[in-house]
1. Quick one: 152, 25, fewest Cβ neighbours within 10 Å first, how do they rank?
2. So who's got an amide H within less than 5 Å of the one on residue 152, skipping anything under 5 residues away but keeping other chains? H placed 1.01 Å off N, in plane.
3. Please report 50, 58, 245 as a ranked list, fewest other C-beta atoms within 10 angstrom at the top and most at the bottom.
4. List the residues, sorted by chain then number, that are 5 or more residues from residue 130 or on another chain and whose placed amide H is less than 5 Å from its amide H.
5. Using Cβ counts within 10 Å as a stand-in for footprinting exposure, how do 227, 219, 47 rank, fewest first?
Amino acid sequence: MEQQTVFPPLDRDAELDRIAGILKDAQGAGFQVLNLVGAQAENLLDMLPKGAKARLEKATVSALDYSLTAAKASRGGRIPDTSDWLTRAITLGTGAAGGFGGIGTALAELPVTTTVILRAILSTAEEHGFDSDHPDTRAACIRVFAAAGPLDEKKEADLSFLTLRLSVTGGTVQGLIAKVAPRLAVPLGQKVAAQMVPVIGAAAGAAINYVFTAYYQDMAKVQFGLMRLSEATGESIESLGHQVKARLV
């Protein structure tokens, strides 16, 4: 894969420690949401209104389809990239709007928030030396959305998304989205359900969006950090991922 920047040699063990620290932070994000809404992750999808589940995967496909085009089109000098904290601040606003107007506005807000997050993921790829115009990099950016999500309650970190084989060419973008959408629909459904808790409303929507944005930004750093280390060492991403998880024990 083409790289944009020549990096100094990486300290393998120090880099694995750094990535493990990011992954640990990402894992802890969801507990803030669950404490906020007073529910367990496995029960959140049951809180969605009747018929919402059927609309959810369609909305997820639409969000990914829209964001893949809009995120790239809005970069390249058209709209300047933002820092991690500013990206999260932007999604505070979209989350508040989504939490204020019920299931309809929560679903309608998904493409906007997904686009903001994907822009940040593209920026993370570039920060690690990868060309965001390269089809393999774009596929890797979408692959981040196949991560388990911040509300996943498994004790062991799930890095299986890293081995999901994806590619982006003109004829296969829809195939890529079709692979990722069912995985993303689960955490997005949990997000929408948490936003629907009537007691906390718009404030919850803002906080939940912040947590989700932070999670996917962190998972992007994990993925592209491992990809860069894999290129530097010749070790497989899967092998390096196991070594990162071992550091969490």
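No lab work stands behind these numbers, since they all come straight from the coordinates. All of these numbers come straight from a predicted model, not from anything done at the bench. Quick reminder, even Gly has a Cβ in these numbers, built from the backbone with ideal geometry, and neighbours come from all protein chains shown.
1. By the 10 Å Cβ count, ascending, the order reads 25, 152.
2. Result for residue 152 returns nothing.
3. 50, 58, 245
4. Amide H neighbours of residue 130: 4.
5. Least crowded to most crowded, the residues run 47, 227, 219.
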